[in-house]
Amino acid sequence: MRGLREIGILVVVAVVLSVLLQTFVARVYLIPSQSMETTLHGCPGCTGDRIVVDKISYRFTDPKPGDVVVFKGPPSWNEHFDSNRSSNTFIRGLQEVGSFIGLVPPDENDLVKRVIAVEGQTVQCLPQDKGVTVDGTLLDEPYLKNPPSPLPGADSACQGPYFGPVTVPKDHVWVMGDNRTDSADSRYHMGDAASGTVPVDNIIGKARWIVLPFSRIGSIPSPDPQS
(Lines give C-alpha, C1' and ligand atoms only; values in the text may rest on other atoms or scores of the structure.)
Protein backbone atom coordinates (compact mmCIF):
# COMPACT_ATOMS: atom_id res chain seq x y z
CA MET A 1 0.00 0.00 0.00
CA ARG A 2 2.82 2.37 0.87
CA GLY A 3 4.46 1.69 -2.48
CA LEU A 4 1.25 2.54 -4.35
CA ARG A 5 0.91 5.77 -2.38
CA GLU A 6 4.47 6.77 -3.28
CA ILE A 7 3.83 6.02 -6.96
CA GLY A 8 0.68 8.13 -6.80
CA ILE A 9 2.61 11.01 -5.27
CA LEU A 10 5.30 10.75 -7.95
CA VAL A 11 2.65 10.81 -10.69
CA VAL A 12 1.00 13.91 -9.20
CA VAL A 13 4.36 15.66 -8.86
CA ALA A 14 5.25 14.79 -12.46
CA VAL A 15 1.92 16.17 -13.72
CA VAL A 16 2.29 19.37 -11.69
CA LEU A 17 5.85 19.88 -12.96
CA SER A 18 4.70 19.28 -16.54
CA VAL A 19 1.92 21.85 -16.19
CA LEU A 20 4.26 24.42 -14.66
CA LEU A 21 6.97 23.88 -17.27
CA GLN A 22 4.62 24.04 -20.25
CA THR A 23 2.70 27.01 -18.85
CA PHE A 24 5.63 29.21 -17.83
CA VAL A 25 8.89 27.86 -19.31
CA ALA A 26 8.61 26.02 -22.64
CA ARG A 27 6.20 24.00 -24.72
CA VAL A 28 6.45 21.67 -27.69
CA TYR A 29 4.40 22.54 -30.78
CA LEU A 30 3.78 20.63 -34.00
CA ILE A 31 4.27 22.57 -37.25
CA PRO A 32 1.04 21.93 -39.21
CA SER A 33 1.66 23.78 -42.49
CA GLN A 34 4.29 24.61 -45.09
CA SER A 35 4.30 28.39 -44.51
CA MET A 36 7.75 28.31 -42.84
CA GLU A 37 9.49 25.98 -45.29
CA THR A 38 12.35 25.29 -45.42
CA THR A 39 13.24 26.60 -41.96
CA LEU A 40 10.48 24.47 -40.44
CA HIS A 41 8.97 21.40 -42.10
CA GLY A 42 5.21 21.13 -42.30
CA CYS A 43 4.77 20.21 -45.95
CA PRO A 44 1.99 17.86 -47.12
CA GLY A 45 3.15 14.26 -46.90
CA CYS A 46 6.24 14.97 -44.79
CA THR A 47 6.82 14.55 -41.07
CA GLY A 48 5.99 17.86 -39.44
CA ASP A 49 8.64 19.35 -37.18
CA ARG A 50 8.06 19.53 -33.45
CA ILE A 51 9.59 22.65 -31.98
CA VAL A 52 10.36 23.87 -28.48
CA VAL A 53 8.96 27.33 -27.80
CA ASP A 54 10.69 29.42 -25.14
CA LYS A 55 7.98 31.17 -23.08
CA ILE A 56 10.36 33.05 -20.76
CA SER A 57 12.44 35.36 -22.94
CA TYR A 58 9.67 37.78 -23.88
CA ARG A 59 8.86 38.36 -20.23
CA PHE A 60 12.10 40.35 -20.10
CA THR A 61 12.76 41.42 -23.70
CA ASP A 62 10.69 42.38 -26.73
CA PRO A 63 10.43 40.35 -29.95
CA LYS A 64 13.09 41.38 -32.46
CA PRO A 65 13.21 41.34 -36.27
CA GLY A 66 14.21 37.85 -37.38
CA ASP A 67 12.71 36.03 -34.40
CA VAL A 68 10.53 33.02 -35.23
CA VAL A 69 7.53 33.25 -32.93
CA VAL A 70 4.44 31.25 -32.05
CA PHE A 71 1.39 33.39 -31.41
CA LYS A 72 -2.34 33.13 -30.88
CA GLY A 73 -4.11 34.28 -34.02
CA PRO A 74 -6.04 37.55 -33.66
CA PRO A 75 -9.80 37.24 -34.43
CA SER A 76 -9.42 38.14 -38.12
CA TRP A 77 -6.86 35.33 -38.55
CA ASN A 78 -9.26 32.63 -37.33
CA GLU A 79 -11.63 32.47 -40.33
CA HIS A 80 -10.54 28.97 -41.38
CA PHE A 81 -9.71 27.65 -37.92
CA ASP A 82 -11.52 24.48 -36.91
CA SER A 83 -11.65 23.38 -33.29
CA ASN A 84 -9.60 20.26 -32.59
CA ARG A 85 -12.03 19.16 -29.84
CA SER A 86 -14.42 16.22 -30.14
CA SER A 87 -18.19 16.75 -30.13
CA ASN A 88 -18.38 13.89 -27.62
CA THR A 89 -18.56 15.41 -24.12
CA PHE A 90 -16.48 12.68 -22.47
CA ILE A 91 -13.73 12.71 -25.11
CA ARG A 92 -13.73 16.51 -25.11
CA GLY A 93 -13.22 16.43 -21.34
CA LEU A 94 -10.24 14.09 -21.76
CA GLN A 95 -8.82 16.41 -24.42
CA GLU A 96 -9.12 19.39 -22.09
CA VAL A 97 -7.31 17.48 -19.35
CA GLY A 98 -4.65 16.43 -21.85
CA SER A 99 -4.24 20.03 -22.97
CA PHE A 100 -3.89 21.17 -19.36
CA ILE A 101 -0.93 18.84 -18.83
CA GLY A 102 0.55 19.53 -22.27
CA LEU A 103 -0.26 16.26 -24.04
CA VAL A 104 -2.93 17.68 -26.37
CA PRO A 105 -2.71 20.93 -28.39
CA PRO A 106 -4.69 23.88 -26.98
CA ASP A 107 -8.02 24.63 -28.64
CA GLU A 108 -6.85 27.84 -30.26
CA ASN A 109 -5.38 29.01 -33.53
CA ASP A 110 -1.66 29.00 -32.73
CA LEU A 111 0.51 30.11 -35.63
CA VAL A 112 4.24 30.35 -36.34
CA LYS A 113 5.82 33.15 -38.43
CA ARG A 114 8.91 35.33 -38.49
CA VAL A 115 8.98 38.87 -37.10
CA ILE A 116 9.82 41.29 -39.91
CA ALA A 117 9.11 44.70 -38.36
CA VAL A 118 8.33 46.01 -34.89
CA GLU A 119 6.46 49.00 -33.48
CA GLY A 120 7.13 52.31 -35.17
CA GLN A 121 8.71 50.77 -38.27
CA THR A 122 7.19 51.08 -41.75
CA VAL A 123 7.12 47.95 -43.88
CA GLN A 124 6.16 47.55 -47.53
CA CYS A 125 6.71 45.71 -50.78
CA LEU A 126 5.46 47.57 -53.86
CA PRO A 127 6.07 47.10 -57.61
CA GLN A 128 9.09 49.40 -57.60
CA ASP A 129 10.74 47.59 -54.65
CA LYS A 130 13.37 44.86 -55.02
CA GLY A 131 11.88 43.01 -52.07
CA VAL A 132 10.41 43.75 -48.64
CA THR A 133 11.69 47.00 -47.16
CA VAL A 134 11.55 48.38 -43.62
CA ASP A 135 11.92 52.14 -43.22
CA GLY A 136 12.99 52.27 -46.85
CA THR A 137 15.84 49.74 -46.53
CA LEU A 138 15.76 46.44 -48.42
CA LEU A 139 15.85 43.43 -46.09
CA ASP A 140 18.50 40.71 -46.26
CA GLU A 141 16.46 37.48 -45.95
CA PRO A 142 18.65 34.37 -46.25
CA TYR A 143 15.94 32.22 -44.68
CA LEU A 144 13.47 32.58 -47.59
CA LYS A 145 12.55 29.39 -49.43
CA ASN A 146 14.62 29.33 -52.62
CA PRO A 147 13.31 28.76 -55.17
CA PRO A 148 9.91 29.93 -53.95
CA SER A 149 6.86 27.68 -54.15
CA PRO A 150 5.41 27.94 -57.69
CA LEU A 151 2.34 29.93 -56.70
CA PRO A 152 1.06 33.41 -57.68
CA GLY A 153 3.76 35.99 -57.02
CA ALA A 154 6.67 33.56 -57.30
CA ASP A 155 8.08 35.53 -60.22
CA SER A 156 8.04 38.90 -58.41
CA ALA A 157 10.48 40.34 -55.88
CA CYS A 158 7.65 40.53 -53.35
CA GLN A 159 6.83 36.79 -53.71
CA GLY A 160 3.14 37.45 -53.19
CA PRO A 161 0.73 40.40 -53.13
CA TYR A 162 2.06 43.93 -53.02
CA PHE A 163 1.40 45.66 -49.71
CA GLY A 164 2.03 48.74 -47.65
CA PRO A 165 3.31 51.01 -46.59
CA VAL A 166 2.17 49.93 -43.10
CA THR A 167 3.52 51.56 -39.95
CA VAL A 168 3.48 49.00 -37.14
CA PRO A 169 1.42 50.24 -34.16
CA LYS A 170 2.77 50.33 -30.62
CA ASP A 171 3.08 46.89 -28.99
CA HIS A 172 2.53 45.08 -32.31
CA VAL A 173 4.72 43.24 -34.83
CA TRP A 174 4.50 42.53 -38.56
CA VAL A 175 5.03 38.83 -39.32
CA MET A 176 5.63 36.84 -42.51
CA GLY A 177 6.35 33.25 -43.46
CA ASP A 178 9.68 32.05 -44.87
CA ASN A 179 7.77 30.25 -47.62
CA ARG A 180 6.68 33.68 -48.78
CA THR A 181 4.41 32.64 -51.68
CA ASP A 182 2.51 30.14 -49.51
CA SER A 183 1.98 31.94 -46.22
CA ALA A 184 -1.26 33.57 -45.04
CA ASP A 185 0.61 36.13 -42.95
CA SER A 186 0.24 39.83 -42.09
CA ARG A 187 -0.18 40.72 -45.78
CA TYR A 188 -3.53 38.94 -45.92
CA HIS A 189 -5.05 40.69 -42.91
CA MET A 190 -4.42 44.32 -43.73
CA GLY A 191 -8.14 45.04 -43.63
CA ASP A 192 -8.39 44.43 -39.90
CA ALA A 193 -8.15 47.07 -37.17
CA ALA A 194 -4.39 46.57 -36.74
CA SER A 195 -3.57 46.51 -40.49
CA GLY A 196 -2.42 42.89 -40.33
CA THR A 197 -0.05 43.34 -37.40
CA VAL A 198 -0.10 41.04 -34.36
CA PRO A 199 -0.31 42.27 -30.75
CA VAL A 200 2.80 41.44 -28.75
CA ASP A 201 0.46 40.17 -26.02
CA ASN A 202 -0.64 37.40 -28.43
CA ILE A 203 2.91 36.05 -28.74
CA ILE A 204 3.30 32.81 -26.81
CA GLY A 205 7.06 32.58 -27.19
CA LYS A 206 10.13 32.28 -29.38
CA ALA A 207 10.73 29.10 -31.38
CA ARG A 208 14.18 27.90 -30.28
CA TRP A 209 14.79 24.29 -31.30
CA ILE A 210 13.56 21.52 -33.55
CA VAL A 211 13.33 18.36 -31.43
CA LEU A 212 11.64 15.94 -33.84
CA PRO A 213 12.16 14.23 -36.20
CA PHE A 214 15.62 13.21 -34.99
CA SER A 215 17.13 13.88 -38.41
CA ARG A 216 16.32 17.59 -38.04
CA ILE A 217 17.24 18.26 -34.40
CA GLY A 218 18.88 21.63 -34.02
CA SER A 219 18.43 25.31 -33.24
CA ILE A 220 16.13 27.55 -35.27
CA PRO A 221 18.06 30.41 -36.92
CA SER A 222 16.86 33.96 -36.31
CA PRO A 223 19.13 36.30 -38.30
CA ASP A 224 18.13 39.96 -38.18
CA PRO A 225 17.01 40.85 -41.74
CA GLN A 226 17.48 44.54 -40.95
CA SER A 227 21.16 44.27 -39.98
| message | A 25 angstrom limit on the alpha carbon distance is what I want to check against. Which of K145/K206; K72/K130; K55/K130; K113/K170 exceed it? | response | K72/K130; K55/K130
| request: State, to one decimal in nm, how far the label point of D155 lies from the label point of T47, with both points 7 Å from Cα in the Cβ direction. | output: 3.8 nm
| By how many nm would the segment from R59 to N78 lengthen if fully extended, with 0.36 nm per residue of separation less the alpha-carbon distance? | 4.3 nm
| task | Counting only C-alpha contacts under 8 Å and six or more residues apart, can you give the relative contact order of region 108-227 as a whole percent? | result | 26 percent
| request: Indicate the gyration tensor shape class of region 138-227 (rounded, prolate or oblate), computed on the Cα atoms with a ≥ b ≥ c the square roots of the eigenvalues: a/c under 1.5 is rounded; otherwise a/b larger than b/c is prolate and the rest oblate. | output: oblate
| At R0 = 22 Å, FRET efficiency that the Cβ-Cβ distance of L30 and S215 yields, to 0.05 | 0.85
| Accessible area, probe 1.4 Å, largest first, for residues T197, T47 | T47, T197
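The values are calculated or read from the model by the stated rules, or taken from the named source; none is laboratory data. Values in this document were obtained by computation on a predicted structure and should not be read as measured data. Every residue, glycine among them, receives a Cβ derived from its backbone with ideal geometry; neighbour counts consider all protein chains shown. Side chains included, ligands, DNA and RNA excluded: accessible areas come from the protein's heavy atoms. Shrake-Rupley method; radii C 1.70, N 1.55, O 1.52, S 1.80 Å.
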